[in-house]
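Working notes for the structure below.
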Amino acid sequence: MRRMTLALALAILATPGNAALPVGAMAPDFKTTGALAGKPFKLHLKDQLRHGPLGLYFYPKAFTQGCTLEAKAFADAMPEFRKAGARVVGMSADDMATLKRFSTEACRNQFPVATASPATIEAYDVVLKQKPELTDRTSYVIDRKGRIVMVHSDLDWKDHVAKTLATVRSLKH
C-alpha cells in the first residue's frame, strides 16, 4: 500500500501542472488589439500566419520581473526570428495603456503585445490556476497552416525564447 501511494505521488509530481494545447492541434483563431512601438495594433492570427510561422507567447502580467525579462529576451532575439522568417507576439490580460508602455519599454519596439481576452485565454488553455485573471506563461509556435508545432509551458521565463527560436529555425517555410 505504501509503495502504491509513493508511486501515485511521484506520478502526480511528474505530471506538468500547466495545461496547454497539444502539439499537432490547430491553433484557435482570434482577433484582438494590442500595441507595437507604443501605437495601437489590430491583430488577427490568420493575418500573422500569412507572413510565416508565429511565436505566440502568453505571459502573466506586464512589468513584473519575469515578464519584463522575457520580453527583453524576445526583443534581443528578434533579428534571429526575422532571419528564420518568423514573427513573435506576446499576449496577456493587460489593458491597452499598459500594453502601449510595455511594447516600448520592455519589448523595445521589436514586436507587438496584445490583449488576451477571456475567450482566447480559455481557447489556448493558459489560465493561471493560482490567479485565474492572469495567463500562464506558455509559448507556442504555430506554423503557417495554423498547426501548433511547439508548446513550452513553464512559469520560469528563461527557456521560452530559446525553445521558440529553435523551433522556428527548424521549420521549412
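The values are calculated or read from the model by the stated rules, or taken from the named source; none is laboratory data. Nothing here was measured: the structure is a model prediction, and the numbers come from that model. For neighbour counting, all protein chains shown are included, and Cβ atoms are generated from backbone atoms with ideal geometry for every residue, glycine included. For accessibility, only protein heavy atoms count, side chains too; no ligands or nucleic acids. Shrake-Rupley method; radii C 1.70, N 1.55, O 1.52, S 1.80 Å.
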Can you run down the residue pairs with Cβ atoms below 7 Å, 6 or more apart or on separate chains, where the first is in the stretch 54-77 and in contact (Cβ under 8 Å) with a residue 40 or more places away in the chain and closer than 12 Å to SER103 by Cα and the partner is open to solvent by 10 Å² or more (accessible area, probe 1.4 Å) and among the hydrophobic types (A, V, I, L, M, F, W, C)? PHE74/VAL161
Any residue in the stretch 133-146 that is open to solvent by 70 Å² or more (accessible area, probe 1.4 Å), in contact (Cβ under 8 Å) with a residue 60 or more places away in the chain and among the hydrophobic types (A, V, I, L, M, F, W, C)? no
Whether any residue in the stretch 100-121 is touching a Pro at 6+ places or on another chain (Cβ under 6 Å) and farther than 19 Å from SER139 by Cβ is what I want to check. no
Which residues, counting only those in the stretch 147-173, are in contact with a Gly (Cβ under 7 Å, 6 or more places away or on another chain), buried (at least 16 other Cβ atoms within 10 Å of the Cβ) and farther than 19 Å from PHE30 by Cβ? TRP157, VAL168
How many residues of the stretch 13-45 are of a type in the set (A, V, I, L, M), modelled with pLDDT of 95 or more and surrounded by fewer than 14 Cβ atoms within 10 Å (Cβ to Cβ)? The answer is 2
Lone qualifier among GLY52, GLY66 - being surrounded by fewer than 20 Cβ atoms within 10 Å (Cβ to Cβ) and over 15 Å from the mean Cα position of the chain (by Cα): GLY52
GLN130 versus (1) touching a residue at least 24 places away in the same chain (Cβ under 8 Å); (2) of a type in the set (S, T, N, Q); (3) more than 19 Å from MET26 (Cβ to Cβ): which is the lone unmet condition? (1)
